[in-house]
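The values are calculated or read from the model by the stated rules, or taken from the named source; none is laboratory data. Keep in mind the model is a prediction, meaning the values are calculated, not measured. Note that we place each Cβ from the backbone using ideal geometry, even for glycine, and neighbour counts take in every protein chain shown.
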């Protein structure tokens, strides 16, 4: 869940047209709006090629500026280099608080690290095939499959038996709950979510088929969720 600081941030959205699908854009823009205000929206590619034609209507609808980059040499991705260089403009201008890098290409791993070193928030968006180094280099990484529900690609909600059999999931959540809990064992859900994202930038309840973290934890008998007005807490069942 985005914090108040995140939601008031200014963001530069940089899209690699060669490694993203136009079908995700509506969901992408909605997700970015939860993180902050997209003051820069650019997409990079060789717009003289027919394979990028499907992007044109989407760009107009969402006010995304296309940046032309010719493929000078066959087999070399000039788009990546242009996108990396272009990211330096808002970085050095100091007029954005963070960057949204939309690509499944590991070539942007160093860019993500460099932006974080400069004190900027970095949010990655890509398909589940995205190499782990790029995922780990981001503050948060969101798999774009969660934006394509209408196409029937969204994950099916995992049932209790599946979640309880997922050792990696249980260890991750156990650790986050323990780290955030008070002496009674209860932990604020928001803090648990923050710790999960810090440990695993790609952790997202939607990857398990649940729109909210509270719903995901309630789906397994291992955790107990308590709601009081707007306060939600969680603990491991005794």
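Okay, here's what the table says:
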item	result
Residue in the range 183-190 that is crowded, with 20+ Cβ neighbours inside 10 Å and either without any contact (Cβ under 8 Å) to a residue 60 or more places away in the chain or more than 30 Å from residue 18 (Cβ to Cβ) (or both) present	yes
Qualifying residue in the range 199-221 (condition: over 24 Å from the mean Cα position of the chain (by Cα) and over 29 Å from residue 144 (Cβ atoms))	yes
Hey, residue 13 in contact with a helix residue (DSSP H, G or I) (Cβ under 9 Å, 6 or more places away or on another chain), within 21 Å of residue 139 (Cα to Cα) and surrounded by 15 or more Cβ atoms within 10 Å (Cβ to Cβ) or not	yes
From 171, 191, residue being in a helix (DSSP H, G or I), farther than 13 Å from residue 235 by Cα and assigned by TED's automatic domain parsing to the domain that holds residue 232	171
Which numbered condition residue 164 fails, given (1) assigned by TED's automatic domain parsing to the domain that holds residue 88; (2) more than 17 Å from residue 11 (Cα to Cα)	(1)
Which listed residue, of 140, 222, 206, is more than 30 Å from residue 22 (Cα to Cα) and in contact with a strand residue (DSSP E or B) (Cβ under 9 Å, 6 or more places away or on another chain)	222
Lone unmet requirement of (1) at pLDDT below 95; (2) outside any loop (DSSP other than H, G, I, E, B); (3) farther than 18 Å from residue 135 by Cβ for residue 220	(2)
Considering residues of the range 1-18 that are assigned to a helix (DSSP H, G or I) and in contact with a strand residue (DSSP E or B) (Cβ under 7 Å, 6 or more places away or on another chain) only, the residue modelled with the highest pLDDT	17
Qualifying positions in the range 19-65 - in a helix (DSSP H, G or I) and over 17 Å from the mean Cα position of the chain (by Cα)	50, 51, 52, 53, 54, 55, 56, 57, 58, 59, 60, 61
Of the criteria (1) closer than 25 Å to residue 138 by Cβ; (2) crowded, with 20+ Cβ neighbours inside 10 Å, which one residue 212 fails	(2)
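Table: residues versus (1) under 15 Å from the mean Cα position of the chain (by Cα); (2) crowded, with 18+ Cβ neighbours inside 10 Å; (3) on the phi < 0 side of the Ramachandran plot.
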site: 81; (1), (2), (3): no, no, yes
site: 85; (1), (2), (3): no, no, yes
site: 98; (1), (2), (3): yes, yes, yes
site: 107; (1), (2), (3): no, no, yes
site: 115; (1), (2), (3): no, yes, yes
site: 143; (1), (2), (3): yes, yes, yes
site: 158; (1), (2), (3): no, yes, yes
site: 170; (1), (2), (3): no, no, yes
site: 176; (1), (2), (3): no, yes, yes
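Table: residues versus (1) at pLDDT below 95; (2) buried (at least 17 other Cβ atoms within 10 Å of the Cβ).
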{"residue": "41", "(1), (2)": "no, yes"}
{"residue": "45", "(1), (2)": "yes, yes"}
{"residue": "59", "(1), (2)": "yes, yes"}
{"residue": "74", "(1), (2)": "yes, no"}
